[in-house]
1. Using the structure shown, decide if PRO114 is under 28 Å from TYR26 (Cα atoms) and either out of contact with any Lys or Arg (no Cβ under 6 Å at 6 or more places or on another chain) or not hydroxyl-bearing (Ser, Thr, Tyr) (or both).
2. Pairs only if they're at least six apart or on different chains, beta carbon under 8 angstrom, first in the range 144-161 and exposed (fewer than 13 other Cβ atoms within 10 Å of the Cβ), second part of a helix (DSSP H, G or I) and hydroxyl-bearing (Ser, Thr, Tyr); list them, first residue then second.
3. Could you please let me know if LYS250 is in contact with a strand residue (DSSP E or B) (Cβ under 7 Å, 6 or more places away or on another chain) and among the charged types (D, E, K, R)?
4. Working only within the range 1-36, note down all residues that are touching a residue at least 24 places away in the same chain (Cβ under 8 Å) and in a helix (DSSP H, G or I).
5. Evaluate the following for THR308: is it touching a strand residue (DSSP E or B) at 6+ places or on another chain (Cβ under 8 Å) and in a helix (DSSP H, G or I)?
6. Write out, first by first residue and then by second, each pair whose Cβ atoms fall under 7 Å of each other, whose residues are 6+ apart or on separate chains, and whose first residue, in the range 166-190, is farther than 30 Å from PHE371 by Cβ while the second is loosely packed, with under 14 Cβ neighbours inside 10 Å and at pLDDT below 95.
7. Taking strands (runs of 3 or more DSSP E) that do not extend beyond the range 189-270, which have at least 2 residues that are of a type in the set (Val, Ile, Thr) and closer than 26 Å to VAL353 by Cβ?
8. Identify all residues within the range 229-254 that are of a type outside the set (D, E, K, R), within 15 Å of ILE293 (Cβ to Cβ) and either crowded, with 19+ Cβ neighbours inside 10 Å or modelled with pLDDT under 95 (or both); write none if there are none.
Amino acid sequence: MEWKKATKQDTHLVQIPERWLHLYYYEALNVLFRFENALRVFVYVILKKEFNEKWSETAISSGGSIKSETKSRIAKAKEHAYLGYELSSPMLYLNSGELIDIIISDAYWKYFSPFFKASRSIVSTKLQEIGMVRNSLAHFRPIKEDDIDLIKQNTKHVLLEIEKCLIQLTAITTIVPSNSNDDWYKEIKPIGSESLKISIFHSEDEEWVRVSIIHTIPTLEKKKFGENYYSYKAGNFRTDQLFSEFPILKDKCIYLSEGHLWGGQHPNFDLNSVKEISLVFAKNCLSDNLQNIVKALKEIVQIVDEETDLLKQDNLARGKLIETKSANASIRTRDDGSSYWSVSLNSMTTPLVNTSEVEYWGTRAHYETDFISGSNQYPWMPDSISDYEIPF
């Protein structure tokens, strides 16, 4: 039994052994993998928007609720945790049939219908046709090349408005105007301190609000080794503790993400970097729960300030939201021979495995187009699914 491997060429082309499956099988896998995971994200977003912390009580066709049914599936998966990745999001344990049933059900169709340009019966038919091809592939039954055209066409028809929704939700970069009269803006905008600043953005359709918490990373200790290396002890915002300390934020937000960390230095070689934590809310939910959310944000600022002062005196201490992490900087050489300081803050990122909360989506990505067909990492997944670079 000889399992031949595909090989990558210098031109980024891949050479496939002739004995492998026809190429259209892999194309089908790509389309269906992206279709199902985009559908998972969409269904979660709408349920969380409509039901807040009770979203997981949604009934599913296989019996029980999302929470009760997926709990047993997660437990079963942990029996073989050495295989694949350890995944804790209940959405990753729902199959496409269950997702489709939720969308077209009598109880929930009214929440999903605004995102489809067709009647429920047509949407149901197109989704079920995709499901038929998916099941054939999943159960290793042969498929036809024509099936690829069908699933491409159906996903394009059915997911058009869904993709627009997901792009609006992830590409939130428009700063809320400073003369906004919305109560949520006027209450949140003044919150902040020297070490923790808050900025507010909204989506282009103004349905979603992103509250950006920007933590200035303090240098607690700095040591120089030779002329080309610094090691640091720095204050890190504990993103994985935010929901446990402030459950109101978990209950009411759609998702939480971290920005990409960029390392910089001041002229005195102290760190000059920030860590951005983004909380995305449906605007109506933010308005309805404004006072409790404002209270939580003010407490976060107070705790961060107090704990930063504590760690400056004793960097072996650890607070609820701020802890000491290591960082370093070293001299690197560019292709043209010039040199620069490269700062590594890798220890300050929060891996998905550090939190089981479905609201934590990992590193923030910004998609202007092709969320469904171009994503290289979906929420709740600890690693990329392709080599395509995430835009941000």
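1. Working: under 28 Å from TYR26 (Cα atoms): no; either out of contact with any Lys or Arg (no Cβ under 6 Å at 6 or more places or on another chain) or not hydroxyl-bearing (Ser, Thr, Tyr) (or both): yes.
Taking the combined requirement at face value, the residue does not satisfy it.
2. If the second residue must be part of a helix (DSSP H, G or I) and hydroxyl-bearing (Ser, Thr, Tyr), the pairs left are GLU145/TYR24.
3. Values: in contact with a strand residue (DSSP E or B) (Cβ under 7 Å, 6 or more places away or on another chain): no; among the charged types (D, E, K, R): yes.
Answer is no for this residue.
4. Taking the range 1-36 and keeping what is touching a residue at least 24 places away in the same chain (Cβ under 8 Å), we get 22, 24-25, 27-29, 31-36.
Those that are touching a residue at least 24 places away in the same chain (Cβ under 8 Å) and in a helix (DSSP H, G or I): TYR24, TYR25, GLU27, ALA28, LEU29, VAL31, LEU32, PHE33, ARG34, PHE35, GLU36.
5. Working: touching a strand residue (DSSP E or B) at 6+ places or on another chain (Cβ under 8 Å): yes; in a helix (DSSP H, G or I): yes.
Taking the combined requirement at face value, the residue satisfies it.
6. none
7. On the way: elements: 196-202, 208-216, 219-225, 229-237, 255-258.
Counting at least 2 such residues, we get 208-216.
8. Applying the first criterion (of a type outside the set (D, E, K, R)) to the range 229-254 yields 229-232, 234-237, 239, 241-244, 246-249, 253-254.
Imposing the further condition that a residue be within 15 Å of ILE293 (Cβ to Cβ) reduces the set to 242-243, 246-249, 253-254.
Those that are of a type outside the set (D, E, K, R), within 15 Å of ILE293 (Cβ to Cβ) and either crowded, with 19+ Cβ neighbours inside 10 Å or modelled with pLDDT under 95 (or both): LEU242, PHE243, PHE246, LEU249, CYS253, ILE254.
The values are calculated or read from the model by the stated rules, or taken from the named source; none is laboratory data. None of these values were measured; they are calculated from a predicted model. Glycine also receives a Cβ, built like all others from the backbone with ideal geometry; neighbour counts cover every protein chain displayed.
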